[in-house]
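Q: Before anything else, here's the structure in question.
Readers should treat all values here as calculations from the given coordinates under stated rules, not as data from a laboratory. What you see is a predicted model, and the numbers here were worked out from it, not measured in a lab. Neighbour counts run over all protein chains shown; Cβ positions are idealised from the backbone, glycine included.
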């Protein structure tokens with residue numbers, strides 16, 4: 001499925017996710033994640049940004065940006081199936 005990574009939510013709780021894919025749209029990087037303990041749940045799409053220390057961080061996106069990123073991710077999935 002994908003590599004497992006450990007993330008922390010806003011309350012400091014550990015959550016393990018599978019990275020389903022990484023992709024770029026309009027010079028912005030995104031990552032598609034799936035909770036490792038619930039493979040039937042929805043896929044999360046977050047934006048990759050670089051913090052002041054040069055580390056990648058994942059941030060939420062608004063509904064319009066999410067819709068565009070979702071379309072790009074679905075196209076990527078279709079291309080990989082062909």
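For (1) in contact (Cβ under 8 Å) with a residue 40 or more places away in the chain; (2) within 15 Å of residue 5 (Cβ to Cβ); (3) within 11 Å of the chain's Cα centre (by Cα), each residue gets a yes or a no:
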position: 40; (1), (2), (3): no, no, no
position: 47; (1), (2), (3): no, no, yes
position: 55; (1), (2), (3): no, yes, no
position: 58; (1), (2), (3): yes, yes, yes
position: 61; (1), (2), (3): no, no, yes
position: 66; (1), (2), (3): no, no, yes
position: 72; (1), (2), (3): yes, no, no
position: 79; (1), (2), (3): no, no, no
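Q: Only one of (1) surrounded by 10 or more Cβ atoms within 10 Å (Cβ to Cβ); (2) touching a strand residue (DSSP E or B) at 6+ places or on another chain (Cβ under 8 Å) is not met by residue 67, so which one is it?
A: Status for residue 67: all satisfied but (2).
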